[in-house]
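Structure first, commentary second.
The values are calculated or read from the model by the stated rules, or taken from the named source; none is laboratory data. Given the structure is predicted, the values throughout are model-derived calculations rather than measurements. Note that each Cβ is placed from the backbone with ideal geometry, even for glycine, and that neighbours are counted across all protein chains shown.
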Amino acid sequence: MDRMALEDDVLLREVTRFIYREARLQDDHEYDAWEALWADDGVYLIPANGEGGDPEQEMSLVYDNRSRIALRIRQLHTGKRHTQAPRSRLCRIVSNIELLECEGDTIRVTANAVVYESNARGETVWPSRNEYLLRRVGGELRMSLKKVVLINNDKPLYTLSFLI
Amino acid sequence: MGAMEKPFNWAELVRPEHVHGSVYTDPAIFQADLEKIWYRTWVYVGHESEVPKPDDFVMKSIGPQPIIMTRDRDGKIQLLQNRCTHRGNQICQAHKGSASTFTCPYHGWNFGSDGELRGLPFSSGYEGVDRSKLALGRVARIASYKGFVFGSFASEGPTLEDHLGAAHVAIDKLVETSPEGEVEITAGFLQHKVKANWKLLVENETDGYHPQFVHASIFKVAESGIGSLYGPNSTALSRYFGNGHTEFDLRPEFRQRGQLLGWFGTTPEKYPEYVARMRAAYGDDKANAIMIDGTPHTMIFPNLFIAEIQMFVLQATAVDETVQHVTALQFKGAPELNRRMRQQTMGSVGSAGFLLADDGEMYERTQRGLQSRNPEWVYIGRGKHRERRDEQGLLISDVTDEVPSRGMWEHYRSMMEAK
């Protein structure tokens, strides 16, 4: 793909549909459908302390490879993940979706998101700048990276146990 | 004693097997906790490896107060208050860095990394003023034990060694996991905030009764061997060290299993270089013993929790808010082990951790539960009938028993009663 692809409104619409669908599956706690959006080499990264340095060297809130993503989903399914029993009620707005780069079969996309969470503790707002690497697998877009940079991640954060 | 301070009957509130719910929920008691504990006893602040070079600094805390930990030009660790001695403005906004001086942005006062006042703009206005009396506020006493830096706001009192007492073995054992005998804190911290009183966290760190319930979900799906350490048939022990310090002693279980690195859920074949370096450093017998026994699970009162592969620093910020600063322990000379330490720590702890997110949920639900007035008391009598003394004379019991809580509360009461 090339510069033409970046300006391709059809591709932008397809990516936007994908990201909206991901957001809805997360808000609805549709764990398995969300997990199916990942490529086999998927990495789910939520840095701490700013953009985060090298996640191989520094602590991140989440730094899951594909098998750890699956473990996270299996834990949620037990019904004994107390912090999600009952589940958080969620509503997120995703916006500012931009295609930044196309290289080979991979598209780099950025978006902003704000998640409103309500649970027994109270209401919490989770604002983030997100980055995706999307790849076509069998004709469908799949995530090989989702990086969620919470804009308040340099401060103490409450428990974050839903899918963001 | 301030005129506003309510007199509390501590012996009434904190009994041998019952603790009154208000000690977790009363804002006046939280203020008393700050005065009598956090601003008096030895509180863990940071690690020497976080400020390796002269003029390095890192922002830390003692309770709600920020503390700048620096290494001054002479290589000495300083614990400075983030408050200009002029009008009180905060002089440092960064989490960490390197700076030979801190300049207050309000009126340009300038302080060295040792806290001394170096520069006063338009100095003719301060004729005859003694600059040495305008140095940054310092934590009254600083002491370091094997790299772990503690501060006490009390200018007099027990030494750090007296305070650690028998619990110093936790730090001794911990550093021996490194073939070079040193821990390094280099992986950065997660800051996990909970709406709960700090004492609930202190108690939970060595509560061996909860893991099979609170952590059932992850033990099940990860097919972890951890759960059985905390069952009714476990040979692991709970221990009270005195001075509020508590631990689980998991060695009886690991010694039964007799597996090198079994405590870490791995095998020596996966870490041949580490095993070789440990044997070269300590000799085969001692190295094998260290690698079978594993690292400590010890809560050093009031705020340093050494949790086998990670370290928590608790920060009491309000009667119903506590921040857990947590990082992977890193052992000098063990890079292969350290990578796994970081990966496991990231999975387990922090806001999204497989373990700690559920602990956090329990802390917050308990804090809310304690608002209910009947019963008034928390019951901490589990295992009272079977507690016993070890060969050192320290109180021990089964790992699921509440010896650690009872010990912690006895120490708490004595600190709150002290003049």
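Selection of strands (runs of 3 or more DSSP E) fully inside the stretch B:1-119 by the criterion of at least 3 residues being within 28 Å of the chain's Cα centre (by Cα) and closer than 30 Å to B:Glu376 by Cβ returns B:18-20. The residue that is nearest to the chain's Cα centre (by Cα), among those in the stretch A:95-120 that are under 24 Å from A:Asp64 (Cα atoms) and within 14 Å of chain B (Cβ to nearest Cβ), is A:Val115. Only one entry in A:Ala33, A:Ala39 is touching a strand residue (DSSP E or B) at 6+ places or on another chain (Cβ under 6 Å), farther than 30 Å from A:Pro156 by Cβ and not polar (S, T, N, Q), namely A:Ala39.
The single condition among (1) in a helix (DSSP H, G or I); (2) of a type in the set (Ser, Thr, Tyr); (3) buried (at least 20 other Cβ atoms within 10 Å of the Cβ) that B:Ser124 does not satisfy is (3). Counting the residues of the stretch A:93-119 that are farther than 17 Å from A:Arg136 by Cβ and not aliphatic (A, V, I, L, M) gives 9.
Taken over the stretch B:185-201, the criterion of being more than 8 Å from every other protein chain (Cβ to nearest Cβ) and either more than 17 Å from B:Met346 (Cβ to Cβ) or surrounded by 23 or more Cβ atoms within 10 Å (Cβ to Cβ) (or both) is satisfied by B:Ala196, B:Asn197, B:Trp198, B:Lys199, B:Leu200, B:Leu201. Which one is farthest from A:Ser67 (Cα to Cα) among residues in the stretch B:341-358 that are more than 9 Å from chain A (Cβ to nearest Cβ) and assigned to a helix (DSSP H, G or I)? The selected residue is B:Met341. Mind listing whichever residues of the stretch B:223-236 are in contact (Cβ under 8 Å) with a residue 60 or more places away in the chain and in contact with a Gly (Cβ under 9 Å, 6 or more places away or on another chain)? Within the stretch B:223-236, B:Leu229, B:Tyr230, B:Ser234, B:Ala236 qualify. No other residue among B:Gly353, B:Gly369 is surrounded by 24 or more Cβ atoms within 10 Å (Cβ to Cβ), in the same structural domain as B:Asp207 (by TED's automatic domain parsing) and not basic (Lys, Arg) apart from B:Gly353. The listed residues are A:Glu58, A:Glu51, and the only one of them that is at the interface with chain B (Cβ under 9 Å from one of its Cβ atoms) and closer than 19 Å to A:Asn152 by Cβ turns out to be A:Glu58. Might you check whether a residue that is more than 9 Å from every other protein chain (Cβ to nearest Cβ) and among the acidic types (Asp, Glu) occurs anywhere in the stretch B:329-340? Within the stretch B:329-340, one or more residues are more than 9 Å from every other protein chain (Cβ to nearest Cβ) and among the acidic types (Asp, Glu). The residues of the stretch B:372-382 that are surrounded by fewer than 20 Cβ atoms within 10 Å (Cβ to Cβ) and outside any strand (DSSP E or B), listed by number, are B:Ser372, B:Arg373, B:Asn374, B:Pro375, B:Glu376, B:Gly381.
Counting only residues that are of a type in the set (S, T, N, Q), under 19 Å from B:Lys96 (Cα atoms) and not in a loop (DSSP other than H, G, I, E, B), the stretch A:35-83 holds 1 of them. When the stretch B:254-268 is filtered for residues that are part of a helix (DSSP H, G or I) and farther than 22 Å from B:Thr345 by Cα, the ones remaining, listed by number, are B:Arg255, B:Gln256, B:Arg257.
On the stretch given as the stretch B:362-401, residues that are closer than 30 Å to A:Ile164 by Cα, within 25 Å of the chain's Cα centre (by Cα) and free of Cβ contacts under 8 Å to residues at least 40 places away in the same chain total 2. Tell me, yes or no, whether the stretch B:208-216 has at least one residue that is modelled with pLDDT of 95 or more and more than 14 Å from every other protein chain (Cβ to nearest Cβ). Scanning the stretch B:208-216 turns up at least one residue that is modelled with pLDDT of 95 or more and more than 14 Å from every other protein chain (Cβ to nearest Cβ).
Residue-level check: of (1) in contact (Cβ under 8 Å) with a residue 24 or more places away in the chain; (2) assigned to a strand (DSSP E or B); (3) within 14 Å of another protein chain (Cβ to nearest Cβ), A:Glu123 misses just (1). When the stretch A:64-89 is limited to residues that are among the β-branched types (Val, Ile, Thr) and under 21 Å from A:Ala48 (Cβ atoms), the one that is surrounded by the most Cβ atoms within 10 Å (Cβ to Cβ) turns out to be A:Thr83.
For B:Ala318, the conditions (1) among the aliphatic types (A, V, I, L, M); (2) within 22 Å of B:His215 (Cα to Cα); (3) surrounded by fewer than 21 Cβ atoms within 10 Å (Cβ to Cβ) all hold with the exception of (2).
Within the stretch B:162-185, can one find any residue that is touching a residue at least 24 places away in the same chain (Cβ under 8 Å), among the aliphatic types (A, V, I, L, M) and over 18 Å from B:Pro296 (Cα atoms)? No, the stretch B:162-185 contains no residue that is touching a residue at least 24 places away in the same chain (Cβ under 8 Å), among the aliphatic types (A, V, I, L, M) and over 18 Å from B:Pro296 (Cα atoms). I'd like to know if the stretch A:150-158 contains one or more residues that are outside any loop (DSSP other than H, G, I, E, B), surrounded by 15 or more Cβ atoms within 10 Å (Cβ to Cβ) and either away from chain B (no Cβ under 14 Å) or of a type in the set (Ser, Thr, Tyr) (or both). Within the stretch A:150-158 (the criterion being outside any loop (DSSP other than H, G, I, E, B), surrounded by 15 or more Cβ atoms within 10 Å (Cβ to Cβ) and either away from chain B (no Cβ under 14 Å) or of a type in the set (Ser, Thr, Tyr) (or both)), the answer is no, since none of the residues qualifies. Return the pairs, sorted by first residue and then second, in which the second residue is surrounded by fewer than 20 Cβ atoms within 10 Å (Cβ to Cβ) and not in a loop (DSSP other than H, G, I, E, B), the first residue lies in the stretch A:77-94 and is within 14 Å of chain B (Cβ to nearest Cβ) and β-branched (Val, Ile, Thr), the beta carbons are less than 8 Å apart, and the residues are 6+ apart or on different chains. Taking only residues 6 or more apart or on different chains, the pairs are A:Thr78/B:Ala216; A:Thr78/B:Lys220.
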